[in-house]
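These notes are about the structure you will find just below.
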Amino acid sequence: MSKKRKTPLRKCVVTQEMFPKDTLIRIVRTKEGDVFVDPTGKKNGRGAYISKSKEALKKAQETEVLASHLHANIDPTIYEQIRDIIEREAL
């Protein structure tokens, strides 16, 4: 009998709701200060999770919650990458 592994839960920094880790988008800031989207969810650095919804993305941009959580400036291209991921998942 094989054991089923528990799916880890993570909190969306925008909505403050808990979701399975694989249903969220992870954004990472490295020690060097680089900020990027982490599709694997395993890169080293400080991570922030955002749910895959346009509403959460819009609120994240308005409130700059990612910048405050990661202690770094968020380039507008990061939001574009997140938007692309959300739109791809919606298809």
>> Could you tell me how many of the residues in the stretch 1-38 are touching a helix residue (DSSP H, G or I) at 6+ places or on another chain (Cβ under 7 Å) and not in a strand (DSSP E or B)?
In response: 5
> Filter the stretch 3-17 for residues that are over 18 Å from HIS69 (Cβ atoms) and not β-branched (Val, Ile, Thr); which is modelled with the highest pLDDT?
Replying inline: PRO8
> Which one of these does THR7 not meet: (1) touching a Pro at 6+ places or on another chain (Cβ under 7 Å); (2) surrounded by 13 or more Cβ atoms within 10 Å (Cβ to Cβ); (3) of a type outside the set (Gly, Ala, Ser)?
Replying inline: (2)
>> Being within 18 Å of THR23 (Cβ to Cβ) and in a helix (DSSP H, G or I) is the filter here; which residues of the stretch 67-91 pass it?
In response: GLN81, ILE82, ARG83, ASP84, ILE85, ILE86, GLU87, ARG88, GLU89, ALA90
> Which members of the stretch 43-76 meet the condition of being out of contact with any Ser or Thr (no Cβ under 9 Å at 6 or more places or on another chain), closer than 25 Å to LEU91 by Cβ and either aromatic (Phe, Trp, Tyr) or surrounded by fewer than 14 Cβ atoms within 10 Å (Cβ to Cβ) (or both)?
Replying inline: TYR49, LYS54, LYS58, PRO76
>> Looking at the stretch 33-91 only, could you name the residues that are hydroxyl-bearing (Ser, Thr, Tyr) and over 19 Å from LEU9 (Cα atoms)?
In response: THR63, SER68, THR77, TYR79
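The values are calculated or read from the model by the stated rules, or taken from the named source; none is laboratory data. The structure displayed is predicted, hence computed values, not measured ones. When we count neighbours, we look across all protein chains shown, and the Cβ atoms used for this are built from the backbone with ideal geometry, even at glycine.
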